[in-house]
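Here is the structure we will look at, set down as structure tokens.
Just so you know, all these numbers are worked out from the coordinates, no wet-lab data involved. Since this is a predicted model, take the numbers as computed values, not measurements. Glycine also receives a Cβ, built like all others from the backbone with ideal geometry; neighbour counts cover every protein chain displayed.
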Amino acid sequence: MGAITLENVVKRFGEAQVIHGVDLEIKDGEFVVFVGPSGCGKSTLLRLIAGLEDVSDGRIVIDGQDATDLPPARRRLAMVFQSYALYPHMSVARNIGFPLKMAGMDKAAIEAKVQGAAKILNLTDYLDRKPGQLSGGQRQRVAIGRAIVREPSAFLFDEPLSNLDAALRVNMRLEISELHQSLATTMIYVTHDQVEAMTMADKIVVLQGGKIEQVGSPLELYRNPRNKFVAGFIGSPAMNMVEGAEAAKAGATTIGVRPEHFVMSHESGQWRGKVGVAEHLGSDTFLHVEVEGVGPVTARATGEFEARHGDTVFLTPEEGRVYRFGPDGLAL
Amino acid sequence: MATLHTKAAARAMMSPAVILLLIWMAVPLAMTLYFSFLRYNLLMPGMEEYTGFLNYEFFLTDPAFPIALANTLMLVGGVLLITVVGGVFLAILLDQPFWGQGIVRLLAIAPFFVMPTVSALVWKNMLMHPVNGLFAWIARSFGAEPVDWLSSMPLFSIIIIVAWAWLPFATLIILTALQSLDSDQKEAAEMDGAGPVSIFLHITLPHLARALTVVILIETIFLLSVFAEILVTTSGGPGNASTNIAYLIYTQALLQFDVGTASAGGVVAVILANIVAIFLIRMIGKNLET
């Protein structure tokens, strides 16, 4: 149904090469998230799969069929845009029904499908409104509705939640995850937000500079990052990277310790430092500590931990949770 | 408090301009109305007297009037048709990326800056002239009989001349509207399976609705009173074949020196323009609402 394979896909815009030979296997029904900093080529890669950009080199295979030169409409993919790209002069019902109308379906069948999609997405009361009269979250749902009525072999999402406020974003994240559970259709989701990536993905593809850095399940990437970039990108707050003497002791150029992998103490420990800022969230406590001989380190304690600006604390990295990286940035 | 204050101040400051405009508009209108009820001929000065609706009767029963009315409507309709359809077409062409885009756009807009009298004379003497004109030369080089445009199809020729001048205006407004179309929408439609024609019909054209409304309304206002092009090319002839309401009023006032009937014609023209405006607003005005 929705298996997609990229074989050595290259994209150039004039002289500039933005995608450098990407190979990727996406299985049917998988929720794949492309994540990376802005400018890493994740949106371009999605648009290549959608067919909105031409591939400069390489092949895209959808359901075992070479789709490299197929026009977007014939790839049986549906896309949800960051700007939603709703048709402003059409009612919600006509927006959702537009792909079916273009497919030449008869009116009664369109109506039934639109009603079905509206029911799934809680849009039944809004079918006669124009997109301009809807809130951001509702517009988002209309865009998703327009995608699901086509029953595509895969959904493509291009940063769909970045225009929503924080609370709505968490809601929509759940809704999209639930949608994926119920439809069991392949979904490819582009985001720069690693929390979205960690919470939704079956498989995360970390991109940087038009190359794939690592592919794996969220916890695989969390536990075994292949290099410094993935280690720093996955996890929040970011992993502490320490160079110099402390790293040399561990036999590496750089060592990385996640903030949650410290044992904190007021009395004794491996590293000694002064608290710069202490953030007490109740459920967690984040300490920004200036460690002697190491530099600034962020540490997280579960629950409450007494510490204030200027206090001396001791941090001990947990046994077996220290990541070691060689001079080329790869994990040792 | 502040808002009440600023409102009062704003009114006070606006009032001179508003009052001036009001006088500017109201005085000529009132004088036209006044003259339209007088028997007032410049050949017989000092003989003015009240005649009731006699001037209106003369103007409306003048055999030239229905012809002029039909010509006016055909002129407006024909020019609108050419400029709107041609404008959309040209705007889509100019919206494509090509080498020398800036210069081509500038040239495409240039006709709008040529004065109506000048453009009409150029068309009359250099393009449509049966002996010296470019069209006649083209016809002859294919061995065909040259067409005497202005005498054999005067109204059509004037429609072409006026449309040529107004086409850049339509193109310009439609082009800016085209450029404001979100490319995501076109891409979404493309993914939804719409071909180029469907995208044009379902996405581009509705997006242009507002711009087209503005073009139609503004052009209608100006096209109802086309005059210079007629004066320098056909002088309303042959016969009344290319006389519109504005030109008919001119012949009444300045060729027959009948100020009264001309004023009545002016009032009739104002009423006609309002009828057209009401119809237009009814038909397409909803496009201007947000």
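A few notes on this one:
- Neighbours of A:PRO37 by Cβ distance under 15 Å: Lys/Arg scored +1, Asp/Glu scored -1, total -1.
- 3J(HN,Hα) from dihedral phi, the range A:206-221, Karplus parametrisation 6.51/-1.76/1.60, rounded to Hz, x for glycine, proline: 8, 10, 8, x, x, 10, 7, 7, 6, 10, x, 6, x, 6, 4, 5
- Packing-based exposure ordering (other Cβ within 10 Å, fewest first) of A:HIS309, A:HIS192: A:HIS309, A:HIS192
- Ordering B:LEU81, B:TRP99, B:ILE158 by the projection of their Cα atoms onto the charge dipole of the range B:56-289, which places +1 on the Cβ of Lys and Arg and -1 on the Cβ of Asp and Glu, puts B:ILE158 at the extreme positive end.
- Placed amide H near A:ASN240: partners under 5 Å, 5+ positions off or other chain: A:VAL257, A:ARG258
- Spatial separation of Cα centroids for the range A:228-282 and the range B:140-199, in angstrom: 67 Å
- Expected 222 nm ellipticity per residue - DSSP helices of 4 or more, -39500 (n - 2.57), all of chain A, to 500: -8000 deg cm²/dmol
- Residues whose placed amide H lies under 5 Å from that of A:SER217, excluding near-sequence neighbours: A:ILE204
- In the structure shown, the pairs A:LYS211/A:LYS249; A:LYS42/A:LYS211; A:LYS42/A:LYS203; A:LYS101/A:LYS130; A:LYS119/A:LYS203 are assessed against 21 Å; a Cα-Cα span above that value is assigned to A:LYS211/A:LYS249; A:LYS119/A:LYS203.
- Axial C-alpha extent at least 18 Å, average Kyte-Doolittle at least 0.5 - helices from chain B (DSSP): B:2-36, B:64-95, B:154-179, B:205-223, B:259-284
- For chain B: relative contact order, % (alpha-carbon pairs under 8 angstrom, 6 or more apart): 28 percent
- For the range A:68-224, relative contact order (Cα pairs under 8 Å, six or more residues apart, normalised by length) works out to 25 percent.
- Dipole in debye (nearest 20) - the range B:56-289, about Cα centre, beta carbon charges: Lys, Arg +1; Asp, Glu -1: 260 debye
- If you take all other residues with their beta carbon under 15 Å from the beta carbon of B:TRP166, and give Lys and Arg +1 and Asp and Glu -1, the sum is -2.
- Projecting the Cα atoms of A:ASN224, A:ALA109, A:VAL9 onto the dipole axis of chain A, where Lys and Arg carry +1 and Asp and Glu carry -1 at the beta carbon, places A:ALA109 farthest toward the positive end.
- Set of aspartates and glutamates with alpha-carbon distance to A:LYS113 below 19 Å, sequence-local pairs under 8 removed: A:ASP125, A:ASP128, A:GLU151, B:ASP192
- Whether the range B:56-289 is rounded, prolate or oblate, judged on the alpha carbon gyration tensor where a/c under 1.5 counts as rounded: oblate
- For the range B:165-229, the relative contact order works out to 46 percent when only alpha carbon pairs closer than 8 Å and six or more residues apart are counted.
- Antiparallel bridges, percent of DSSP beta bridges restricted to chain A (to nearest 5): 75 percent
- Bridging of A:LYS274 to aspartates and glutamates at a Cα separation below 20 Å is possible for A:GLU243, A:GLU246, A:GLU260, A:ASP284, A:GLU290, A:GLU292, A:GLU304, A:GLU306, A:ASP311, A:GLU318, once same-chain residues fewer than 8 apart are set aside.
- Helix-derived mean residue ellipticity, 222 nm - over chain B, DSSP H n ≥ 4, -39500 (n - 2.57), to 500: -22000 deg cm²/dmol
- For the protein assembly as shown, a simple Cβ point-charge model (Lys and Arg +1, Asp and Glu -1, everything else neutral) yields a dipole of about 780 debye relative to the Cα centre.
- With the simple model of a label 7 Å out from the Cα in the direction of the Cβ, A:ALA238 to A:GLU151 spans 4.6 nm.
- For the range A:110-181 versus the range B:204-236, the gap between their alpha-carbon centres in whole angstrom: 44 Å
- Set of aspartates and glutamates with alpha-carbon distance to A:LYS11 below 16 Å, sequence-local pairs under 8 removed: A:ASP23, A:GLU53, A:ASP54, A:ASP57, A:ASP69
- Charged side chains reduced to their Cβ positions (Lys and Arg at +1, Asp and Glu at -1) give the range A:4-230 a dipole of some 500 debye around its Cα centre.
- Shown in residue order for the range A:288-299 are the 3J(HN,Hα) couplings computed by the Karplus curve 6.51 cos²θ - 1.76 cosθ + 1.60 at θ = phi - 60°: 9, 10, 8, 8, 5, x, 10, x, x, 9, 9, 10 Hz (x for Gly and Pro).
- In the protein assembly as shown, a dipole from Cβ-located charges (positive for Lys and Arg, negative for Asp and Glu) runs towards its positive end, and of B:PHE142, B:ILE278, B:LEU54 it is B:LEU54 whose Cα lies farthest in that direction.
- Fraction of antiparallel bridges per DSSP, the protein assembly as shown only, in percent to nearest 5: 75 percent
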